[in-house]
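Data block below; observations after.
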Protein chains: 2
Amino acid sequence: MKDMFGSPGKISGLVLRIGQCSFAAASIGVMASAHGFFNSTAFCYLIASMGLECLWSFGLACLDFHALWSKRSLQNPVLVSLFVVGDWVTAILSLAGACSSAGVAVLYSRDLNYCNKTLPISLPCTRFQIAVAFAFISWFLLAVSSLVMFWLLGAV
Amino acid sequence: MKDMFGSPGKISGLVLRIGQCSFAAASIGVMASAHGFFNSTAFCYLIASMGLECLWSFGLACLDFHALWSKRSLQNPVLVSLFVVGDWVTAILSLAGACSSAGVAVLYSRDLNYCNKTLPISLPCTRFQIAVAFAFISWFLLAVSSLVMFWLLGAV
């Protein structure tokens, strides 16, 4: 059970954390480079939630790296409980960010037709959609980590 | 462990299911009564996801009621696995519906200012917000059930 895929202090866990952090950072980068994103609260919230996820995953990636380097185990009940709470809160906040931004991106592109290039107020919808897609990938990787952590909590 | 709050075949489990189903139905009712909701894909998706949650929770409420009535146990591994998968899928879909609708509702009321009563295209934003609030309450109750089910799966 302790050698489960994605558990803390393992190579797979480190790869998952790096993936989460990279996709969250990519999502922030693409969204921040789209002009007019600050007109929508949902897009600003996406940047905030992805920022939180990026910080959290980066911190845990450093911890995993340290554990791999010094060959220590991170699997004690207190640490795993902390990881579970942090992972779940971050996962719910980033899913909320990704979904609310997806709702607004779909509203702009399909319902209000603001992405029409011939309009004077045309918005960079492709960038919004790419940022949302990165946010969903990042959330998916975090959800995998969260499930593994919750499962570990029952085992340690 | 088998007498945990909210586990299937218990009064608390039945109450949780009835709560989920009622709030999901209330959310559908309020959203469907708001004119112009069909102009936004996110609001239509909210109705679809709340419909799914309502059906799922109603089905499980009937099963809980039957188990209480006939004094049977629902806690065998196959049934609990089925409940876990169904609960998690439904919970993620309903959180996605609630968040995407919340994103659009905030966009309408704060960012685009479409809720201004003096405008000719004024939208029933209060109804949208109430529907979203009911969806979040319904999701929260479902999330409690999902966590209990996941915990039980490790115990049965």
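Find the residue count for segment B:23-46, including only residues that are without any contact (Cβ under 8 Å) to a residue 40 or more places away in the chain and within 14 Å of chain A (Cβ to nearest Cβ).
Residues meeting the conditions: 4.
One residue is enough: does segment B:54-77 have a residue meeting the conditions within 14 Å of chain A (Cβ to nearest Cβ), surrounded by fewer than 18 Cβ atoms within 10 Å (Cβ to Cβ) and farther than 30 Å from B:Cys125 by Cβ?
Checked against the condition, which is being within 14 Å of chain A (Cβ to nearest Cβ), surrounded by fewer than 18 Cβ atoms within 10 Å (Cβ to Cβ) and farther than 30 Å from B:Cys125 by Cβ, segment B:54-77 yields no hits at all.
For segment B:30-56, give me each residue that is of a type in the set (A, V, I, L, M), touching a Cys at 6+ places or on another chain (Cβ under 9 Å) and over 21 Å from B:Tyr114 (Cα atoms).
B:Leu55
Looking at this structure, is B:Ile121 within 14 Å of another protein chain (Cβ to nearest Cβ), open to solvent by 10 Å² or more (accessible area, probe 1.4 Å) and assigned to a loop (DSSP other than H, G, I, E, B)?
Against the criterion (within 14 Å of another protein chain (Cβ to nearest Cβ), open to solvent by 10 Å² or more (accessible area, probe 1.4 Å) and assigned to a loop (DSSP other than H, G, I, E, B)), B:Ile121 qualifies.
What are the residues in segment A:96-118 that are more than 10 Å from every other protein chain (Cβ to nearest Cβ) and either of a type in the set (Lys, Arg) or crowded, with 20+ Cβ neighbours inside 10 Å (or both), if any?
A:Lys117
Looking only at segment A:1-48, filter to residues that are open to solvent by 40 Å² or more (accessible area, probe 1.4 Å) and among the aromatic types (Phe, Trp, Tyr); which one of those is nearest to B:Ala105 (Cα to Cα)?
Result: A:Tyr45.
Taking only pairs six or more apart or across chains, which ones have beta-carbon atoms under 6 Å, a first residue in segment B:140-154 that is closer than 15 Å to A:Leu95 by Cβ, and a second residue that is open to solvent by less than 10 Å² (accessible area, probe 1.4 Å) and at pLDDT 90 or above?
From residues that are closer than 15 Å to A:Leu95 by Cβ, the pairs are B:Leu142/B:Gln20; B:Leu142/B:Ala91; B:Ala143/B:Ala91; B:Ser146/B:Asp87; B:Ser146/B:Ala91.
Evaluate segment A:83-95: report whether one residue or more is β-branched (Val, Ile, Thr), farther than 26 Å from B:Thr41 by Cβ, touching a residue at least 60 places away in the same chain (Cβ under 8 Å) and within 13 Å of chain B (Cβ to nearest Cβ). Explain how you work it out, then say what you get.
At the first step, the residues of segment A:83-95 found to be β-branched (Val, Ile, Thr) are A:84-85, A:89-90, A:92.
Imposing the further condition that a residue be farther than 26 Å from B:Thr41 by Cβ reduces the set to A:84-85, A:89-90.
With the extra rule that they be touching a residue at least 60 places away in the same chain (Cβ under 8 Å), the set shrinks to A:84.
Still in the running and within 13 Å of chain B (Cβ to nearest Cβ): A:84.
Yes, segment A:83-95 contains a residue that is β-branched (Val, Ile, Thr), farther than 26 Å from B:Thr41 by Cβ, touching a residue at least 60 places away in the same chain (Cβ under 8 Å) and within 13 Å of chain B (Cβ to nearest Cβ).
State yes or no: is A:Asp111 modelled with pLDDT of 90 or more and of a type in the set (Asp, Glu)?
Values: modelled with pLDDT of 90 or more: no; of a type in the set (Asp, Glu): yes.
Answer is no for this residue.
What number of residues within segment B:134-156 are open to solvent by 30 Å² or more (accessible area, probe 1.4 Å), touching a helix residue (DSSP H, G or I) at 6+ places or on another chain (Cβ under 8 Å) and modelled with pLDDT of 85 or more?
Number satisfying all stated conditions: 6.
The values are calculated or read from the model by the stated rules, or taken from the named source; none is laboratory data. Small disclaimer: the values here were computed from a predicted structure and weren't measured. Glycine also receives a Cβ, built like all others from the backbone with ideal geometry; neighbour counts cover every protein chain displayed. Only protein heavy atoms, including side chains, enter the accessible area calculation; ligands, DNA and RNA are left aside. Shrake-Rupley method; radii C 1.70, N 1.55, O 1.52, S 1.80 Å.
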